[in-house]
Structure formats: C-alpha cells, structure tokens
Amino acid sequence: MSLARVLPYAKELLESVIHEGDCVVDMTAGNGHDTLFLAEQVGPDGRVIAFDVQGQAIEETKRRLETAHVKEWVDLYHESHIHVGARLANEARPIRAGVFNLGYLPGSDKSVTTTGEDTLEALGALLPVLVPGGLIVLVIYHGHVEGKRERDAVLDYVESLPQQDYAVLQYRFLNQQNNPPFIIAIEKKLKKQTLD
Ligand code: SAM
C-alpha cells in the first residue's frame with residue numbers, strides 16, 4: 001500500500017459519501033475537473049451546483065461538461081461561493097458534499113484568488129444545510145501570500161467546530177518542500193438516536 005497523494009485522496013473521500021441522486025457543490029469550479037468528477041458521481045438524477053468568480057473558468061467548465069455530456073444536471077454560477085446558501089435554498093435532494101479547491105486558476109491571473117474571508121463565509125453557509133453524514137473537502141494551497149492567510153483562517157475556524165457535531169481531518173505530507181497543498185475534511189456527524 002502506498003499513501004494516496006493529496007488530490008486523489010480528496011476524490012476518494014468525496015466518492016465514499018456521494019450517492020447517485022445527491023446534490024453536491026463545487027465551490028471553485030476553475031477548469032472544471034472537480035465539477036466533472038462530481039457530476040459523474042451524482043448522475044442525471046442528482047444536481048451539481050458550481051461557482052466561480054471568473055468568466056474564463058465558467059466557460060472552461062461548461063465546455064468540459066458539455067464534452068462529457070453531463071452539463072444537463074449541473075448549474076454553473078458566475079459569482080462568489082458566498083451565495084451558496086441562497087442557491088441551495090430550494091433544493092429538495094440531500095446536500096451531501098462540497099469541495100473547495102482553493103487558490104487561483106492555474107495559468108491565469110494570480111491576483112484572482114480565494115480569500116479567507118469569503119471561504120469562511122461560504123463554509124458558514126454550507127455547513128448548516130449539509131445532510132448529516134455529509135462531507136466538505138478543502139484543498140488548501142498556501143504557497144502565496146493570501147493562501148497563508150486563508151490557511152490560518154480556515155484552520156482556526158475548523159479547530160473551533162464542536163466535536164459532537166463535526167469530525168475534522170487534516171491530511172498533509174509533513175516532509176515535502178515548497179508548501180505542498182493539504183486537505184481539510186469536515187464530516188457532519190450523524191445524530192445519535194435517543195431511546196425513550
Ligand atoms: N476546482 C478547480 C478545477 O478542478 O479545475 C480548480 C480551482 S482553482 C485552484 C480556484 C478557483 O477559485 C479559481 O478559478 C478562482 O477564480 C476561483 N475563485 C476565487 N475566488 C472565488 C470565490 N469567492 N467564489 C468562487 N470561486 C472563486
């Protein structure tokens with residue numbers, strides 16, 4: 001057995017909770033790799049909601065989804081993920097998972113990056129609507145200045161989540177150089193049944 005690398009492990013975690021027919025959220029669509037992966041997991045009876053603040057990212061994601069014939073069950077929003085609560089307000093399917101692949105779009109304008117402030121606002125809106133047993137996965141890139149601030153803000157936030165409600169995991173290679181990305185996964189715990 002070898003240890004899973006960060007991005008494959010993020011997918012493994014998501015795959016382990018998502019069922020066909022679920023609603024799931026890609027908080028940073030980027031080039032659409034994660035959106036496509038999520039669309040394949042939930043299938044045509046499910047729904048993927050995806051956000052990005054850059055038109056280029058939305059166009060690239062749309063192209064990728066159309067090529068794979070999965071666009072029909074994906075809603076793409078050219079806006080910040082802070083609007084996730086409003087976009088999920090009328091969703092009847094269980095909201096099972098969310099993924100934040102943080103930082104900037106590879107090969108694009110590095111000044112357009114996720115921020116600690118918006119990421120925490122979006123997390124605060126997504127956690128309450130997540131179904132018990134659901135999972136949020138964040139891939140944290142902290143090689144740039146805002147990435148370091150965002151990393152610290154996210155770590156502070158998740159460390160303060162009540163342990164009776166959430167299980168929080170960090171998956172990180174400790175001996176790699178140059179600030180490699182790492183994972184934070186937040187599981188919303190199932191409520192224990194009380195016996196009368
Ligand atoms: N998940 C993507 C993929 O599979 O290709 C990669 C995402 S890339 C590392 C980060 C993306 O977050 C960029 O495309 C950037 O435009 C987007 N972004 C930055 N701030 C955002 C915000 N407030 N809401 C939504 N997306 C944002």
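The values are calculated or read from the model by the stated rules, or taken from the named source; none is laboratory data. Quantities reported herein were computed from a predicted structural model and do not represent experimental measurements. Here the Cβ positions follow ideal geometry from the backbone for every residue, glycine too, while neighbour counts run over all protein chains shown.
In table form, for the structure just shown:
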read-out	value
Candidates TYR171, TYR104 - the one that is out of contact with any Leu (no Cβ under 6 Å at 6 or more places or on another chain), away from the ligand (no atom under 12 Å from the Cβ) and of a type in the set (Ser, Thr, Tyr)	TYR171
In the stretch 148-166, the residues that are touching a helix residue (DSSP H, G or I) at 6+ places or on another chain (Cβ under 9 Å) and either aromatic (Phe, Trp, Tyr) or closer than 16 Å to THR114 by Cα (or both)	ARG149, GLU150, ARG151, ASP152, ALA153, VAL154, TYR157, TYR166
Lone qualifier among ASP22, ASP45 - being touching a Phe, Trp or Tyr at 6+ places or on another chain (Cβ under 9 Å) and either modelled with pLDDT of 95 or more or hydrophobic (A, V, I, L, M, F, W, C) (or both)	ASP45
Failed condition for LEU123, given (1) within 15 Å of the chain's Cα centre (by Cα); (2) part of a loop (DSSP other than H, G, I, E, B); (3) within 16 Å of the ligand (Cβ to nearest atom)	(2)
Answer residue from the stretch 41-66, given it is within 21 Å of ARG93 (Cβ to Cβ) and among the β-branched types (Val, Ile, Thr) and is surrounded by the most Cβ atoms within 10 Å (Cβ to Cβ) among those	VAL48
Which listed residue is over 23 Å from ILE183 (Cα atoms), touching a residue at least 40 places away in the same chain (Cβ under 8 Å) and either surrounded by fewer than 24 Cβ atoms within 10 Å (Cβ to Cβ) or within 13 Å of the ligand (Cβ to nearest atom) (or both), from LEU38, LEU76	LEU76
Number of the condition not met by VAL70 [criteria: (1) surrounded by fewer than 19 Cβ atoms within 10 Å (Cβ to Cβ); (2) over 16 Å from the mean Cα position of the chain (by Cα); (3) of a type in the set (Val, Ile, Thr); (4) more than 12 Å from the ligand (Cβ to nearest atom)]	(1)
Single condition GLU91 does not satisfy, out of (1) within 18 Å of the chain's Cα centre (by Cα); (2) exposed (fewer than 15 other Cβ atoms within 10 Å of the Cβ); (3) under 16 Å from ASP34 (Cα atoms); (4) more than 10 Å from the ligand (Cβ to nearest atom)	(3)
Cβ-Cβ under 9 Å pairs, at least 6 apart or on other chains, the stretch 96-109 side of a type in the set (S, T, N, Q), far side surrounded by fewer than 24 Cβ atoms within 10 Å (Cβ to Cβ) and in a loop (DSSP other than H, G, I, E, B)	ASN101/GLY30; ASN101/TYR141; ASN101/PRO181; SER108/GLY30; SER108/GLN54
